[in-house]
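Enquirer: Take a look at this one; I'll ask things after.
The values are calculated or read from the model by the stated rules, or taken from the named source; none is laboratory data. Keep in mind that what you see is a predicted model, and the values were worked out from it rather than measured. All Cβ positions, glycine included, derive from the backbone under ideal geometry; neighbour counts span all protein chains shown. Ligands, DNA and RNA are stripped out before the accessible areas are found, and what is left, the full protein with its side chains, is counted by its heavy atoms. Shrake-Rupley method; radii C 1.70, N 1.55, O 1.52, S 1.80 Å.
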Amino acid sequence: VSQSRYIFTGNANDRSGNGRNLELAGAELLQDPVGGGSLHFPSSSSYAESSQTIGVSGNSFRTVSFRLKMSQPLTAGNGDVLGWGARGQGLENGTGFRILVRGDNGGEIAVWSHYGDVSAAGLGDPFQNYFNLVTYVYSGSVTGAKIYLNGQALPVAAQGGWVAATDVLNTLDTALRL
């Protein structure tokens, strides 16, 4: 069951029917010449946030999928794409969930939950100037999590996490932030 879906054709409304529309803070809607749309984040302080909680919490199964194109090369450090969890507490208390791309480890897609992190490394920089489809699938265990790039499964390595005491996620149900 889709919890939220955004296609960005003229607005940032949730197309799943759940009313989790995005509120834009510095992010800009762009129209794609082939009929779709996208969000552009012109600065590091730009973001979009859902008007309601995302509806995914605890250890619930989840599939998160998005297309990403970057105008700048990947750099070292954290390059958040999306996430949810307790704002102000977030990952520090092990209840956050986020997906990021970064230049570390030869180009990496990472999923951080701080109960168990996973990443696919050695990708180079596939996102610069080209749209790529990223999908994360969680089916009840961090060690069984999958990361796909353009439909191809990537080798995934567990990264531990700050808590890393279990093999399950434990996220709070909060607003989605892009």
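Enquirer: With θ taken as phi - 60° and the coefficients 6.51, -1.76 and 1.60, list the Karplus ³J(HN,Hα) couplings across segment 47-53 in order, rounded to whole Hz; mark glycine and proline as x.
Expert: 7, 9, 9, 6, 6, 9, 5
Enquirer: Per residue, how much accessible area does segment 95-159 show when a 1.4 Å probe rolls over the protein heavy atoms, in square angstrom?
Expert: For segment 95-159, the per-residue accessible area is 39 Å².
Enquirer: How would you rank 124-132, 105-113, 150-158, highest first, on the average number of other Cβ atoms within 10 Å across their residues?
Expert: 105-113, 124-132, 150-158
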